[in-house]
Amino acid sequence: MNTQWFLGANTADGFVSRFETLQEDPRVKKLIILKGGPGCGKSTFMKKLRKTAQSLGADTESYPCSSDPASLDGLLILPLGLAIVDGTAPHVLEPRLCGCDAVYLNLGCFYDTDKIPDERQKLEALRAKNQALYPAAYAHLRSARELKGCVKAAAAEIDHKSLYAVMRGCMQELPPSTNGQSCVREVFLHTFTPEGEIYLMDTVHSLCNTCVALEDPCGLSSTLFERLKRHYLHAGYDCITLRSPLFPDTIEGLLIPEIGTAFLACGKAPEAASVTINISRYYRFPDSAAQLLEAAQGHCAQAIVLLREAKALHDELEAIYRPYVSFEGLDLLTQEYQKQIKGELLHKIK
């Protein structure tokens, strides 16, 4: 099984990275931090290692790039506890104790540094244009957040007691978990990308057979998710908290994989939801809400247009670099790691 999460997201606060949480994740025993610039094959390297692991039946967890969802920013091979991540900007990652549980791997060594400087002027121009688009995109996301914030502030007479009672009805009375001390992981289920606002719902459905969806266009359910999280952590269950790209400090969903249950807040409930609760019944919907939410959506759409333009420029940048990369050398290195991963997995199988 291959699950996917965004560990880095384009948000109203700019690019927000949760890659540092991998160094706290009890599933991760070894971390390889890739270094190297555009076009040097970091994503391809990880995809090939993932294919090797999956060919032997190993479960993996992949972290797509929010600026190019077809590329990988990270990979976790679960049976080995091995994480490989792109540690370059904007998700810079450094080992806490280099050489102990984390190491560097420099793929930039495959650049032809004698010839790349000939392209310096083109590269500098493309990079400057690319970097100038992100602040504008994030400004649109901030405007969307402000508009949604106005809706949240205007919502009145929230009946938290009744709403939580409904949620309690969806929660199972559970014996304490036998899995030891519970832990929390923070990820993004969705983010704004050049391809649109992408939701990784396949992962939710692969981990959870019960999905409780809250129709929550005003985004008022974060407090409720905090209570749910405390409930399950107290019982000893691991929780995956889903952060919001517009409000990164708030929770918009919660997964408890051990019992196969997901709680998700969304403007519109997913078709595959087991239970749907329209929480707007529990507060007074402001008259201006629909107009404000539509305007917020317009700002999100503008942000996506700018992210798409930024990706096109980055693609041009990579196209200039690519002829100056020794892919023969990269292939040899990749084969070494594939052989090592295959050997370790076969040893575990035995």
Treating only Lys and Arg (+1) and Asp and Glu (-1) as charged, each at its beta carbon, one finds that the range 308-350 has a dipole about its Cα centre, in Debye to the nearest 20, of 400 debye
If the viscosity is 1.306 mPa s and the temperature 10 °C, what translational diffusion coefficient in µm²/s does Stokes-Einstein give for the range 1-145 when Rh comes from Kirkwood over Cα pairs?
-> 96 µm²/s
May I ask which residue of Pro248, Thr52, Cys65 lies farthest towards the positive end of the charge dipole of the chain, with charges of +1 (Lys, Arg) and -1 (Asp, Glu) on Cβ and the Cα centre as origin?
-> Thr52
Could you run the Debye sum over the Cα atoms of the chain, one equal point scatterer each and no solvent, and tell me log10 of I(q)/I(0) at q = 0.06, 0.13 Å⁻¹, two decimals?
-> -0.25, -1.08
Sequence-separation-based contact order of the range 52-142, relative, with Cα cut under 8 Å and 6+ spacing, percent | 12 percent
Computed magnitude of the charge dipole of the chain (debye, nearest 20; Cβ of K, R +1, Cβ of D, E -1) = 500 debye
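Divide by every residue of the chain the summed helix terms, -39500 (n - 2.57) for each DSSP H run of at least 4, and state the resulting mean residue ellipticity at 222 nm, rounded to the nearest 500 deg cm²/dmol.
Details: 7 runs with 136 residues, N = 350.
Computed ellipticity for the chain at 222 nm equals -13500 deg cm²/dmol.
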Long pairs among Lys30/Lys115; Lys42/Lys115; Lys229/Lys348; Lys129/Lys339, criterion Cα-Cα beyond 30 Å = Lys30/Lys115; Lys229/Lys348; Lys129/Lys339
On full extension of the chain, what length is gained from Lys339 through Ser280, given 0.36 nm per residue of separation minus the C-alpha to C-alpha distance?
-> 15.8 nm
Mind checking which aspartates and glutamates have their Cα closer than 20 Å to the Cα of Lys48? Skip sequence neighbours fewer than 8 apart in that chain.
-> Asp59, Glu61, Asp68, Asp73, Asp86, Glu318, Glu328, Asp331, Glu336, Glu344
Using a simple charge model, +1 on the beta-carbon of Lys and Arg, -1 on the beta-carbon of Asp and Glu, nothing else, what dipole does the range 1-118 show about its Cα centre, in debye to the nearest 20?
-> 400 debye
Considering only DSSP beta bridges whose two residues both sit in the chain, what percent are antiparallel, to the nearest 5?
-> 50 percent
Per residue, how much accessible area does the range 19-124 have with a 1.4 Å probe, in Å²?
-> 45 Å²
Accessible surface of the chain [probe 1.4 Å, protein heavy atoms]: carbon and sulfur percent = 51 percent
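The values are calculated or read from the model by the stated rules, or taken from the named source; none is laboratory data. Predicted model, so just to flag it, every value in this text is computed and none were measured. Heads up, the Cβs are rebuilt from the backbone with ideal geometry, glycines too, and the neighbour counts pull from every protein chain shown. Please note that ligands, DNA and RNA were not included when accessible areas were found on the heavy atoms of the full protein model with its side chains. Shrake-Rupley method; radii C 1.70, N 1.55, O 1.52, S 1.80 Å.
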